[in-house]
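So the structure is just underneath, and the comments pick up after that.
The values are calculated or read from the model by the stated rules, or taken from the named source; none is laboratory data. What you see is a predicted model; the values in this text were computed from it and never measured. Cβ placement follows ideal geometry from the backbone for every residue including glycine, while neighbour counts extend to all protein chains displayed. Please note that ligands, DNA and RNA were not included when accessible areas were found on the heavy atoms of the full protein model with its side chains. Shrake-Rupley method; radii C 1.70, N 1.55, O 1.52, S 1.80 Å.
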Amino acid sequence: MTTATTTATTTLIDGIGLLYTGDPEREEIADAALVIEDGLVAWSGPAAEAPAADERVDAAGRAVIPGFVDSHSHLIFAGDRTAEFQARMSGEPYTGGGIRTTVAATREAGEAELATHAFSLVREMRAQGTTTVEIKSGYGLSVEHERRSLEIATTLTDETTFLGAHVVPAGMDTDAYVRLVSGEMLEACAPYAKWVDVFCEEGAFDGDQTREILTAGQKAGLGVRVHANQLTEGPGVRIACELGAASADHCTHLSAADVDALASSGTVATLLPGAEFSTRSPYPDARRLLDAGVSVALATDCNPGSSFTSSMAFCVALAVREMRMTPLEAIRAATYGGARALRRTDVGWLRRGARADLVILDAPSYVHLAYRPGVPLVHQVFLGGLLL
(Lines give C-alpha, C1' and ligand atoms only; values in the text may rest on other atoms or scores of the structure.)
Protein backbone atom coordinates (compact mmCIF):
# COMPACT_ATOMS: atom_id res chain seq x y z
CA MET A 1 0.00 0.00 0.00
CA THR A 2 1.40 3.40 -0.96
CA THR A 3 0.75 6.64 0.85
CA ALA A 4 -0.02 9.72 -1.21
CA THR A 5 2.12 12.76 -0.49
CA THR A 6 1.48 16.38 -1.30
CA THR A 7 3.99 19.07 -2.05
CA ALA A 8 3.38 22.56 -0.73
CA THR A 9 2.71 25.15 -3.40
CA THR A 10 5.45 27.74 -3.68
CA THR A 11 4.90 31.37 -4.65
CA LEU A 12 7.58 33.62 -6.07
CA ILE A 13 7.21 37.37 -5.63
CA ASP A 14 9.66 39.00 -7.99
CA GLY A 15 10.09 42.39 -9.60
CA ILE A 16 10.58 43.84 -6.10
CA GLY A 17 12.21 47.25 -6.40
CA LEU A 18 13.33 47.24 -2.76
CA LEU A 19 12.81 44.43 -0.25
CA TYR A 20 13.01 45.50 3.37
CA THR A 21 13.46 42.19 5.19
CA GLY A 22 13.75 43.49 8.74
CA ASP A 23 16.54 40.96 9.25
CA PRO A 24 19.51 42.78 10.81
CA GLU A 25 21.88 40.52 8.88
CA ARG A 26 20.53 41.71 5.52
CA GLU A 27 17.98 44.44 6.05
CA GLU A 28 17.50 45.71 2.50
CA ILE A 29 17.82 44.05 -0.91
CA ALA A 30 17.41 45.99 -4.17
CA ASP A 31 15.99 44.31 -7.31
CA ALA A 32 14.83 41.45 -5.12
CA ALA A 33 12.59 38.41 -5.00
CA LEU A 34 11.04 36.32 -2.26
CA VAL A 35 9.66 32.78 -2.18
CA ILE A 36 6.78 31.63 0.04
CA GLU A 37 6.25 27.98 0.89
CA ASP A 38 3.68 26.54 3.29
CA GLY A 39 2.89 30.00 4.66
CA LEU A 40 6.52 30.79 5.50
CA VAL A 41 9.36 32.69 3.89
CA ALA A 42 11.46 30.05 2.14
CA TRP A 43 13.98 32.27 0.36
CA SER A 44 14.82 35.90 -0.36
CA GLY A 45 17.59 37.54 -2.32
CA PRO A 46 18.46 39.17 -5.65
CA ALA A 47 15.83 38.50 -8.30
CA ALA A 48 18.47 37.16 -10.69
CA GLU A 49 19.16 34.32 -8.24
CA ALA A 50 15.55 33.41 -7.48
CA PRO A 51 14.61 29.72 -7.60
CA ALA A 52 11.68 28.43 -9.62
CA ALA A 53 8.25 28.35 -7.99
CA ASP A 54 4.76 27.09 -8.78
CA GLU A 55 3.16 30.54 -8.86
CA ARG A 56 4.46 34.02 -9.58
CA VAL A 57 3.47 37.48 -8.39
CA ASP A 58 5.06 40.43 -10.17
CA ALA A 59 5.63 43.35 -7.80
CA ALA A 60 6.39 45.55 -10.82
CA GLY A 61 9.11 47.57 -9.10
CA ARG A 62 7.17 48.11 -5.89
CA ALA A 63 8.68 47.84 -2.42
CA VAL A 64 7.93 44.91 -0.10
CA ILE A 65 8.03 45.15 3.69
CA PRO A 66 7.04 42.85 6.56
CA GLY A 67 3.48 43.28 7.77
CA PHE A 68 3.23 45.92 10.49
CA VAL A 69 3.21 44.60 14.06
CA ASP A 70 0.92 46.84 16.14
CA SER A 71 1.84 45.92 19.70
CA HIS A 72 -0.51 48.30 21.54
CA SER A 73 -4.23 48.77 20.87
CA HIS A 74 -7.55 49.03 22.72
CA LEU A 75 -10.17 47.74 20.27
CA ILE A 76 -12.88 46.31 22.54
CA PHE A 77 -15.13 49.27 23.23
CA ALA A 78 -18.40 50.97 22.36
CA GLY A 79 -19.36 54.61 21.84
CA ASP A 80 -17.15 57.49 20.77
CA ARG A 81 -15.59 60.53 22.36
CA THR A 82 -15.82 63.17 19.68
CA ALA A 83 -17.04 65.75 22.22
CA GLU A 84 -13.90 65.17 24.29
CA PHE A 85 -11.75 65.48 21.16
CA GLN A 86 -13.43 68.76 20.20
CA ALA A 87 -12.86 70.10 23.71
CA ARG A 88 -9.15 69.22 23.51
CA MET A 89 -8.84 70.91 20.15
CA SER A 90 -10.39 73.98 21.82
CA GLY A 91 -7.69 74.01 24.49
CA GLU A 92 -8.69 71.63 27.27
CA PRO A 93 -5.81 69.41 28.50
CA TYR A 94 -5.88 65.62 28.27
CA THR A 95 -5.99 63.90 31.69
CA GLY A 96 -7.17 60.38 30.86
CA GLY A 97 -10.45 61.00 32.65
CA GLY A 98 -12.57 60.22 29.61
CA ILE A 99 -11.79 56.50 29.96
CA ARG A 100 -14.78 56.18 32.31
CA THR A 101 -17.07 57.48 29.54
CA THR A 102 -16.03 54.58 27.34
CA VAL A 103 -16.38 52.15 30.25
CA ALA A 104 -20.03 53.11 30.65
CA ALA A 105 -20.77 52.67 26.93
CA THR A 106 -18.87 49.37 26.76
CA ARG A 107 -20.72 47.89 29.72
CA GLU A 108 -24.06 48.78 28.13
CA ALA A 109 -23.18 47.28 24.74
CA GLY A 110 -24.03 43.73 23.80
CA GLU A 111 -21.35 41.15 23.09
CA ALA A 112 -22.24 40.95 19.38
CA GLU A 113 -21.97 44.74 19.04
CA LEU A 114 -18.54 44.80 20.66
CA ALA A 115 -17.30 41.89 18.56
CA THR A 116 -18.56 43.39 15.30
CA HIS A 117 -16.99 46.74 16.05
CA ALA A 118 -13.63 45.24 17.02
CA PHE A 119 -13.63 43.04 13.92
CA SER A 120 -14.22 46.09 11.73
CA LEU A 121 -11.21 47.82 13.28
CA VAL A 122 -8.99 44.78 12.73
CA ARG A 123 -10.17 44.62 9.12
CA GLU A 124 -9.34 48.32 8.79
CA MET A 125 -5.85 47.62 10.17
CA ARG A 126 -5.32 44.70 7.79
CA ALA A 127 -6.17 46.87 4.79
CA GLN A 128 -3.44 49.29 5.94
CA GLY A 129 -0.78 46.62 6.24
CA THR A 130 -1.04 45.49 9.87
CA THR A 131 -0.78 41.71 10.09
CA THR A 132 -0.21 41.28 13.84
CA VAL A 133 -2.11 43.24 16.47
CA GLU A 134 -2.17 43.19 20.26
CA ILE A 135 -5.58 43.93 21.85
CA LYS A 136 -6.16 45.02 25.45
CA SER A 137 -9.19 44.90 27.68
CA GLY A 138 -9.65 47.84 30.04
CA TYR A 139 -13.05 49.30 29.20
CA GLY A 140 -15.03 46.82 31.31
CA LEU A 141 -13.45 47.24 34.76
CA SER A 142 -15.61 44.55 36.34
CA VAL A 143 -14.97 40.82 36.50
CA GLU A 144 -17.74 40.04 34.03
CA HIS A 145 -17.00 42.82 31.55
CA GLU A 146 -13.21 42.40 31.53
CA ARG A 147 -13.56 38.65 30.96
CA ARG A 148 -16.05 39.31 28.15
CA SER A 149 -13.72 41.81 26.48
CA LEU A 150 -10.80 39.38 26.51
CA GLU A 151 -12.92 36.51 25.27
CA ILE A 152 -13.86 38.64 22.25
CA ALA A 153 -10.23 39.67 21.75
CA THR A 154 -9.13 36.02 21.58
CA THR A 155 -11.27 35.59 18.44
CA LEU A 156 -9.20 38.30 16.73
CA THR A 157 -5.61 37.79 17.88
CA ASP A 158 -3.26 35.63 19.93
CA GLU A 159 -1.84 38.77 21.56
CA THR A 160 -4.39 39.62 24.27
CA THR A 161 -3.68 41.79 27.31
CA PHE A 162 -5.56 42.03 30.61
CA LEU A 163 -5.79 45.74 31.50
CA GLY A 164 -8.23 45.64 34.38
CA ALA A 165 -5.96 48.27 35.96
CA HIS A 166 -6.80 50.99 33.44
CA VAL A 167 -8.46 53.36 35.91
CA VAL A 168 -10.43 52.88 39.12
CA PRO A 169 -14.18 52.69 38.36
CA ALA A 170 -16.25 55.60 39.60
CA GLY A 171 -17.40 55.22 43.21
CA MET A 172 -14.98 52.40 44.07
CA ASP A 173 -12.21 52.51 46.66
CA THR A 174 -8.77 52.27 45.05
CA ASP A 175 -7.33 49.70 47.45
CA ALA A 176 -10.41 47.51 47.13
CA TYR A 177 -10.19 47.70 43.35
CA VAL A 178 -6.50 46.74 43.35
CA ARG A 179 -7.41 43.68 45.42
CA LEU A 180 -10.18 42.82 42.94
CA VAL A 181 -7.91 43.21 39.90
CA SER A 182 -5.14 41.15 41.54
CA GLY A 183 -7.54 38.46 42.70
CA GLU A 184 -10.95 37.53 41.36
CA MET A 185 -10.72 39.56 38.14
CA LEU A 186 -7.28 38.23 37.27
CA GLU A 187 -8.43 34.67 37.94
CA ALA A 188 -11.39 35.11 35.58
CA CYS A 189 -9.37 36.84 32.86
CA ALA A 190 -6.06 34.96 32.86
CA PRO A 191 -7.36 32.05 30.71
CA TYR A 192 -8.06 34.56 27.92
CA ALA A 193 -4.92 36.69 28.26
CA LYS A 194 -1.26 36.38 27.34
CA TRP A 195 -0.20 39.63 29.04
CA VAL A 196 -1.01 41.80 32.05
CA ASP A 197 -0.77 45.61 31.90
CA VAL A 198 -1.27 48.55 34.28
CA PHE A 199 -1.78 52.26 33.61
CA CYS A 200 0.90 53.53 36.01
CA GLU A 201 0.14 57.24 36.18
CA GLU A 202 -1.10 60.02 38.45
CA GLY A 203 -4.86 59.60 38.66
CA ALA A 204 -4.64 55.89 37.86
CA PHE A 205 -2.27 53.52 39.73
CA ASP A 206 0.85 54.37 41.70
CA GLY A 207 4.09 52.42 41.78
CA ASP A 208 3.22 50.10 44.67
CA GLN A 209 -0.20 49.29 43.21
CA THR A 210 1.33 48.71 39.79
CA ARG A 211 3.94 46.33 41.16
CA GLU A 212 1.31 44.41 43.14
CA ILE A 213 -0.94 43.87 40.13
CA LEU A 214 1.86 43.00 37.73
CA THR A 215 3.43 40.56 40.17
CA ALA A 216 0.06 38.84 40.61
CA GLY A 217 -0.22 38.61 36.84
CA GLN A 218 3.23 37.05 36.59
CA LYS A 219 2.27 34.45 39.20
CA ALA A 220 -0.76 33.64 37.04
CA GLY A 221 1.57 32.96 34.11
CA LEU A 222 1.11 36.23 32.21
CA GLY A 223 3.83 38.33 30.61
CA VAL A 224 4.19 41.96 31.65
CA ARG A 225 3.54 45.20 29.78
CA VAL A 226 3.19 48.66 31.36
CA HIS A 227 1.54 51.95 30.40
CA ALA A 228 4.43 54.06 31.66
CA ASN A 229 5.35 57.75 31.89
CA GLN A 230 2.72 59.04 29.48
CA LEU A 231 1.53 62.17 31.29
CA THR A 232 4.32 62.72 33.83
CA GLU A 233 7.62 61.29 35.00
CA GLY A 234 6.94 58.42 37.35
CA PRO A 235 7.98 54.93 38.41
CA GLY A 236 6.35 53.03 35.52
CA VAL A 237 9.39 52.59 33.28
CA ARG A 238 11.67 51.46 36.07
CA ILE A 239 9.06 49.01 37.39
CA ALA A 240 8.71 47.61 33.87
CA CYS A 241 12.47 47.05 33.65
CA GLU A 242 12.67 45.67 37.19
CA LEU A 243 9.99 43.05 36.45
CA GLY A 244 11.40 42.11 33.05
CA ALA A 245 8.46 43.52 31.12
CA ALA A 246 8.40 42.94 27.39
CA SER A 247 7.45 46.56 26.83
CA ALA A 248 7.09 49.93 28.54
CA ASP A 249 4.56 51.87 26.48
CA HIS A 250 4.34 55.66 25.89
CA CYS A 251 7.68 56.67 27.50
CA THR A 252 6.91 60.34 26.89
CA HIS A 253 8.38 61.82 30.09
CA LEU A 254 11.67 60.13 30.94
CA SER A 255 14.43 60.86 33.41
CA ALA A 256 18.04 59.93 32.75
CA ALA A 257 17.54 56.98 35.13
CA ASP A 258 14.58 55.79 33.05
CA VAL A 259 16.63 55.84 29.86
CA ASP A 260 19.50 54.02 31.57
CA ALA A 261 17.09 51.38 32.89
CA LEU A 262 15.66 50.77 29.41
CA ALA A 263 19.10 50.66 27.80
CA SER A 264 20.37 48.06 30.27
CA SER A 265 17.27 45.85 30.14
CA GLY A 266 15.44 43.73 27.61
CA THR A 267 12.37 45.96 27.85
CA VAL A 268 11.29 47.61 24.59
CA ALA A 269 10.19 51.26 24.65
CA THR A 270 6.97 51.32 22.63
CA LEU A 271 6.23 54.82 21.38
CA LEU A 272 2.69 55.87 20.48
CA PRO A 273 2.84 59.13 18.53
CA GLY A 274 -0.84 58.97 17.59
CA ALA A 275 -1.63 59.78 21.22
CA GLU A 276 0.55 62.89 21.22
CA PHE A 277 -0.91 63.97 17.89
CA SER A 278 -4.48 63.57 19.16
CA THR A 279 -3.89 65.23 22.52
CA ARG A 280 -1.53 68.02 21.41
CA SER A 281 1.06 66.74 23.87
CA PRO A 282 4.86 66.68 23.63
CA TYR A 283 6.16 63.75 21.61
CA PRO A 284 8.55 61.17 23.08
CA ASP A 285 12.21 61.82 22.33
CA ALA A 286 12.89 58.79 20.15
CA ARG A 287 16.31 60.13 19.17
CA ARG A 288 17.43 60.15 22.80
CA LEU A 289 16.29 56.54 23.26
CA LEU A 290 17.86 55.26 20.06
CA ASP A 291 21.15 57.00 20.71
CA ALA A 292 21.23 55.38 24.16
CA GLY A 293 20.83 51.92 22.60
CA VAL A 294 17.21 51.36 23.68
CA SER A 295 15.07 48.97 21.61
CA VAL A 296 12.15 50.98 20.21
CA ALA A 297 8.78 49.96 18.77
CA LEU A 298 5.98 51.99 17.22
CA ALA A 299 2.28 51.23 17.71
CA THR A 300 -1.02 52.99 17.09
CA ASP A 301 -2.57 52.95 20.59
CA CYS A 302 -5.85 52.73 18.68
CA ASN A 303 -8.55 53.73 21.20
CA PRO A 304 -11.62 55.98 21.18
CA GLY A 305 -10.22 58.71 23.41
CA SER A 306 -6.59 59.64 22.88
CA SER A 307 -5.55 58.01 19.58
CA PHE A 308 -8.37 56.88 17.32
CA THR A 309 -6.18 55.83 14.43
CA SER A 310 -5.65 52.34 13.04
CA SER A 311 -2.87 53.41 10.67
CA MET A 312 0.67 52.27 11.39
CA ALA A 313 1.79 54.15 8.28
CA PHE A 314 0.52 57.37 9.87
CA CYS A 315 2.52 56.58 13.02
CA VAL A 316 5.62 55.97 10.91
CA ALA A 317 5.18 59.40 9.32
CA LEU A 318 4.74 61.04 12.74
CA ALA A 319 7.83 59.27 14.07
CA VAL A 320 9.95 60.62 11.23
CA ARG A 321 8.51 64.13 11.25
CA GLU A 322 8.02 64.70 14.99
CA MET A 323 10.32 62.28 16.82
CA ARG A 324 13.52 62.61 14.75
CA MET A 325 13.58 58.99 13.61
CA THR A 326 14.96 58.18 10.19
CA PRO A 327 12.60 56.38 7.79
CA LEU A 328 14.65 53.22 8.28
CA GLU A 329 14.45 53.46 12.07
CA ALA A 330 10.70 54.07 11.89
CA ILE A 331 9.91 51.13 9.57
CA ARG A 332 12.14 48.92 11.72
CA ALA A 333 10.26 50.01 14.87
CA ALA A 334 6.87 49.39 13.23
CA THR A 335 7.77 45.82 12.21
CA TYR A 336 10.78 44.18 13.88
CA GLY A 337 10.46 46.45 16.95
CA GLY A 338 6.80 45.60 17.42
CA ALA A 339 7.62 41.90 17.22
CA ARG A 340 10.29 42.33 19.91
CA ALA A 341 7.75 44.15 22.07
CA LEU A 342 5.59 41.02 21.84
CA ARG A 343 8.59 38.70 22.18
CA ARG A 344 7.83 37.18 18.80
CA THR A 345 10.43 35.85 16.37
CA ASP A 346 8.01 34.54 13.74
CA VAL A 347 6.72 37.95 12.60
CA GLY A 348 8.09 41.44 12.02
CA TRP A 349 10.76 40.34 9.55
CA LEU A 350 11.07 38.32 6.36
CA ARG A 351 13.98 36.05 7.11
CA ARG A 352 13.79 32.38 6.15
CA GLY A 353 11.33 30.49 8.35
CA ALA A 354 9.35 33.56 9.41
CA ARG A 355 5.63 33.72 8.76
CA ALA A 356 4.99 35.14 5.31
CA ASP A 357 3.18 38.26 6.52
CA LEU A 358 4.13 40.98 4.08
CA VAL A 359 2.97 44.10 2.33
CA ILE A 360 3.54 45.17 -1.26
CA LEU A 361 3.57 48.96 -1.24
CA ASP A 362 2.37 51.05 -4.13
CA ALA A 363 5.71 52.85 -3.95
CA PRO A 364 9.33 52.04 -4.82
CA SER A 365 10.55 52.36 -1.21
CA TYR A 366 9.30 52.27 2.38
CA VAL A 367 10.55 55.87 2.63
CA HIS A 368 7.33 56.89 0.87
CA LEU A 369 5.37 56.00 4.02
CA ALA A 370 6.83 59.16 5.60
CA TYR A 371 7.45 61.04 2.36
CA ARG A 372 3.76 60.81 1.31
CA PRO A 373 1.85 60.94 4.62
CA GLY A 374 -1.84 60.18 4.49
CA VAL A 375 -1.67 58.58 1.04
CA PRO A 376 -2.95 54.96 0.86
CA LEU A 377 0.19 53.14 -0.30
CA VAL A 378 -0.75 49.53 0.46
CA HIS A 379 -1.06 47.60 -2.79
CA GLN A 380 -1.43 44.04 -1.48
CA VAL A 381 -1.25 42.31 1.90
CA PHE A 382 -0.21 38.68 2.45
CA LEU A 383 -1.06 36.99 5.75
CA GLY A 384 0.62 33.64 6.29
CA GLY A 385 1.42 33.57 2.60
CA LEU A 386 -2.20 34.13 1.56
CA LEU A 387 -3.30 37.23 -0.31
CA LEU A 388 -5.98 39.08 1.65
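Here region 32-174 has an Rg and Dmax of 20.8, 67 Å, counting Cα atoms alone. For region 225-286 versus region 32-49, the inter-centroid distance based on Cα atoms is 37 Å.
Given the C-alpha atoms of region 127-194, compute the convex hull and give its volume per residue in Å³.
Roughly 83 Å³ of hull volume per residue.
Between the beta carbons of Asp362 and Asp80, assuming R0 = 35 Å, the FRET efficiency works out to 0.70 to the nearest 0.05.
A viscosity of 1.306 mPa s and a temperature of 10 °C, combined with the Kirkwood radius over C-alpha pairs in the Stokes-Einstein formula, give the chain a diffusion coefficient of 75 µm²/s. The residues of region 170-282 have, on average, 37 Å² of accessible surface per residue, using a 1.4 Å probe with all protein chains present.
In whole angstrom, region 207-247 maps to an equivalent ellipsoid with semi-axes of 18, 10, 8, each derived as √(5λ) from the alpha carbon gyration tensor and ordered largest first.
Shown is the FRET efficiency for Ala60 and Thr155, computed with R0 = 45 Å from the Cβ-Cβ distance and rounded to the nearest 0.05: 0.80.
Helix 207-219 and the long axis of the chain differ in direction by around 50°, with both axes built from C-alpha atoms. Specify whether the C-alpha gyration tensor of region 307-364 places it in the rounded, prolate or oblate class, a ≥ b ≥ c being the square roots of the eigenvalues: rounded for a/c under 1.5, otherwise prolate if a/b is larger than b/c and oblate if not. Cα axes put region 307-364 in the prolate bin. As a ratio to 2.2 N^0.38 Å, the alpha-carbon radius of gyration for region 101-160 is 1.11.
With 16 Å as the cut-off, how large is the P(r) tail for region 270-374, expressed as percent of Cα-Cα pairs? Here the tail beyond 16 Å accounts for 58 percent of pairs.
For region 7-61, the solvent-accessible area of protein heavy atoms averages 48 Å² per residue (probe radius 1.4 Å; ligands and nucleic acids excluded).
Note on Trp43 and Ala104: the model spin-label points, each 7 Å out from Cα along the C-beta direction, lie 6.2 nm apart.
The distance from the alpha carbon centre of region 63-109 to that of region 128-184 is 14 Å, rounded to a whole number.
Ranking Val378, Val347 from most to least accessible surface, computed with a 1.4 Å probe over the protein chains only, gives Val378, Val347. Subtracting the Cα-Cα distance of Arg324 and Ala127 from their residue separation scaled by 0.36 nm leaves 68.2 nm. Distance between the 7 Å Cα→Cβ label points at Arg288 and Glu202: 1.7 nm. In this calculation the C-beta distance from Thr345 to Ala112 is compared with R0 = 51 Å, giving a FRET efficiency of 0.90.
Rolling a 1.4 angstrom probe over the chain with all protein chains present gives an accessible area of which 50% lies on carbon and sulfur atoms.
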